[in-house]
Amino acid sequence: QVQLEESGGGLVQAGASLRLSCAASGDTFSSPGMAWFRQALGKEREFVAGISFSSVNIFYSDSVKGRFTISRDNAKNTVYLEMNSLKPEDTAVYSCAASRILSQNARLYEYWGQGTQVTVSS
């Protein structure tokens, strides 16, 4: 079992930055692939960014590439999502997820956090 807890969301103006954190606990080595997903009101959940245990493999959705950076600190069992140049369309609940295999497919992720709200005003 892996437990995930996100933090760092909030209300910001367009163009601002936020850093989200996802603290993992439990059997983290069994689920080394970590990712951030988001779900806006009335929309499907979408992949944002993913990172392998070694940080060698990193993926971003086209909508955030160049603005968001995913990273991890394995000593702290924490994954981060640095979000810059935020846009109103980035408004969503952001959730981190853990899986044995790094993927953009949410169905492959066994463990999920509760999510943190990010709201970007124009």
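Computed quantities for the displayed model
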read-out: Relative packing of peptides 46-56, 6-16 - highest average C-beta neighbours within 10 Å first; value: 46-56, 6-16
read-out: Trypsin sites (Lys or Arg not before Pro) within the range 35-122, DSSP loop, no more than 13 other Cβ atoms inside 10 Å; value: Lys43, Lys65, Lys76, Arg100
read-out: Percent accessible area from carbon and sulfur atoms, the range 1-50, protein chains only, probe 1.4 Å; value: 48
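The values are calculated or read from the model by the stated rules, or taken from the named source; none is laboratory data. Note that the structure is predicted; figures quoted are calculated from it, not measured. Neighbour counts are summed over all protein chains in view; Cβ atoms, including those assigned to glycine, are modelled from backbone coordinates with ideal geometry. Calculation scope for accessible area: heavy atoms of the full protein, side chains included, ligands and nucleic acids excluded. Shrake-Rupley method; radii C 1.70, N 1.55, O 1.52, S 1.80 Å.
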